[in-house]
């Protein structure tokens, strides 16, 4: 019945967008808010729901909350995340979100950041905002 939790997580557009971003690496809540142009409370509520379902994990570093996919995501989630890549041709917001993520992470890399190590470290290995939260 674990796969039902995956599909509960996937049945919301905003959660799909968050998962699409987190599949690329960890992000601070403030970056998700900026990329998705959504209210912090709404983003945090979605993240809490996905955490309860076991799809993501969050770590607090000082005043920041960093979210990422679980270390060993459910196989059904992995397969559905692959489908999200294909959807970027049909749903422009997925591709746009990833471009915004890249810009934010590039700013972090070039200008430094107040962001905690988990995000900065992922930036150095991938590629988005200079000031976090």
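Going by how many other beta carbons lie within 10 Å of each one, how would you line up 104, 4, 78, fewest first?
Result, fewest neighbours first: 4, 78, 104.
Would you please give the FRET efficiency between residue 48 and residue 11, computed as 1/(1 + (r/R0)^6) with r the Cβ-Cβ distance and R0 = 25 Å, to the nearest 0.05? List each step's numbers first, then the result.
Values: r = 16 Å, r/R0 = 0.65.
Efficiency, rounded to the nearest 0.05: 0.95.
Using r as the Cβ-Cβ distance of residue 57 and residue 82, and R0 as 22 Å, what FRET efficiency do you calculate, to the nearest 0.05?
FRET efficiency, residue 57 to residue 82: 0.60.
Size of the stretch 1-94 along its principal axes in angstrom, Cα-based, largest extent first?
In descending order, the Cα extents are 34, 31, 20 Å.
Just to be sure I understand the curve: with the Debye formula and one point per C-alpha of the stretch 69-113, what is log10 I(q)/I(0) at q = 0.13, 0.17, 0.23, 0.28 Å⁻¹?
Here log10 of I(q) over I(0) equals -0.44, -0.67, -0.84, -0.90.
Roughly how many Å is it from the Cα centre of the stretch 1-53 to that of the stretch 62-90, as a whole number?
The stretch 1-53 and the stretch 62-90 have Cα centres separated by 9 Å.
Kindly put 11, 30 in sequence by how many other C-beta atoms sit within 10 Å of each C-beta, fewest to most.
Least to most surrounded, the residues fall as 11, 30.
Would you mind getting me the FRET efficiency between residue 110 and residue 4? Use the beta-carbon distance for r and R0 = 35 Å, nearest 0.05.
0.20
A short reminder: the numbers here are calculations on the coordinates, not readings from a lab. All figures in this text were calculated on a predicted structure; none of them were measured in a lab. Counting neighbours? That spans all protein chains shown, and the Cβs are built from the backbone with ideal geometry, glycine included.
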